[in-house]
Amino acid sequence: MDIIKERYELAVERINEIEKECGVTDGLPEKEAWAFRSTAAVWKRVFALNKLVNEGKGVYGKTPEELKKFYDELYANVFPGAYEKSIENPAYAVKKLKRKTGRLLSVVASEPYGSMNDAANNNLEAVTIKLELFIEVYCIFKDAYEEFDSAAEASKNATMRARKAYYSFKTDYLDFYTDAYIDGRYSDTVNRPRAIIDADLTDLRYLYMYGDYVNESELKIAAHLNTFSDEEMDRMAETLVEGFMRGFRALNGKFKENGLADLTFPTGFERMAKHIFKSLEKRKCRCSVKNSFVFDRYGDCYGIYPENLNSQFYFDHLNDRALWYDRKFVSNSAESLKN
């Protein structure tokens, strides 16, 4: 863990430097400098999120108003309105940077949003490897513009090399992401989401511990569930679980003691989940819940998932994996799952 911490701190330092370097272009054309500067600024907000949730009193050291302001700034680039002219928007990135370069750098700019949960959960390894990828792509572009006299040739060469680096990253860390996926779906180990659910849910600031943007509707749902007594919540949970069990048996499913139930529900329903866990555990069923990815390219939704802040953003990046998803990668993924 000390090595990961050191890598993280070095990456944080370098990204702070990149934002400053791109402020004076530093050999990069202004359009490419804008792309890297914008993405570096979002990464800096991810660093701030990690500190907010994991240091001192965490979110409970801030007022609800302060937390809302912080999250508004954290996700500022993908709010409708701002998104239309941000590097996160592939259409705008292509218009400003040309097709291949714009598509690639827009994918790179989307990566911080897939790291918000990891930063909040203090999963520094998952955050660090993406930071290192961003730094590598930046260095590729910077070196290309120093190597080639023609800006067009430099952009073409840098885009090609950066795409290869992206593919290598996905291949090199395939086992890491496979393990994380399996652990996220099928493990009942103690984790941050379960710890939050088992805690006091009357203080709605707990919603800000996931790293996801918190909408007004999620605050209202959580507040509404807090108006019910424990007895009422128990009855609702029992009705839900019993209905599930009957449906399971009707489909000839075999319920095994010490089996694992993996819950999926929207943010704000934690109190209901708490009572569902209680009902399932009475039936000797182990329970698991994880953060869903705040930015899940694969359209997969499991665990605790937030309301979409901007559906257009998620839709635009749904098929980003086309950058690295080929026959060889599919074969390697299948092999990784087997192992």
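Each reported figure results from applying straightforward, stated rules to the coordinates on display, with no laboratory input. Not measured: the values here are computed from a predicted model. Here the Cβ positions follow ideal geometry from the backbone for every residue, glycine too, while neighbour counts run over all protein chains shown.
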- Item | Degrees separating the helix 270-282 axis from the principal Cα axis of the chain, which is the longest one | 50 degrees
- Message: Using the Kirkwood radius over C-alpha pairs as Rh, can you work out the diffusion coefficient of the chain via Stokes-Einstein at 25 °C, viscosity 0.890 mPa s, in µm² per second?
- Response: 113 µm²/s
- Starting with the highest mean, order 5-12, 160-167 by the number of other Cβ atoms within 10 Å, averaged over the residues of each peptide. 160-167, 5-12
- So how far, in whole Å, is the C-alpha centre of segment 38-63 from the one of segment 216-273? 31 Å
- Return the lysines within reach of K254: Cα separation strictly under 22 angstrom, same-chain partners fewer than 8 residues apart disregarded; answer none if there are no such residues. K278, K282, K284
- Taking 81-88, 223-230 and ranking on average Cβ neighbours within 10 Å, highest first, one gets 81-88, 223-230
- Query: Between Rg and the Kirkwood Rh of segment 2-172, both from Cα atoms, what is the Rg to Rh ratio?
  - Reply: 0.99
- Message: Which of K69, K142 has the fewest other C-beta atoms within 10 Å, and how do the rest follow up to the most?
- Response: K69, K142
- With label points built 7 Å along Cα→Cβ from the Cα atoms of K51 and R327, find their separation and express it in nm. 5.0 nm
- Message: Given R₀ = 45 Å, what would the calculated FRET efficiency be for D175 paired with T63, taking r from the Cβ atoms and rounding to 0.05?
- Response: 0.60
- Task: Compute the long axis of helix 327-338 from its Cα atoms, compare it with the longest principal axis of the Cα atoms of the chain, and write down the angle in degrees, 0 to 90, nearest 10.
- Result: 40 degrees
- Task: Quickly rank 235-247, 196-208, 101-113, 270-282 as a protection proxy: mean count of other C-beta atoms within 10 Å, highest first.
- Result: 101-113, 270-282, 196-208, 235-247
- At 7 Å along the Cα-to-beta-carbon direction for both F248 and E132, put a label point, then send me their distance in nm to one decimal. 4.1 nm
- Note on the structure: CD proxy, 222 nm, the chain: helix-only mean residue ellipticity via -39,500 (n - 2.57) per DSSP H run with n ≥ 4, per residue, nearest 500, stands at -20000 deg cm²/dmol
- If we count other beta carbons within 10 Å of each Cβ, what is the order of E307, E153, fewest first? E153, E307
- Any chance you could give the angle, 0 to 90 degrees and rounded to 10, that helix 2-23 forms with the longest Cα principal axis of the chain? 50 degrees
- By counting other Cβ atoms within 10 Å of each Cβ, how are C287, C139 ranked from fewest to most? C139, C287
- Which of the residue pairs K57/K130; K31/K142; K57/K170 have a Cα-Cα distance greater than 24 Å in the structure shown? K57/K130; K57/K170
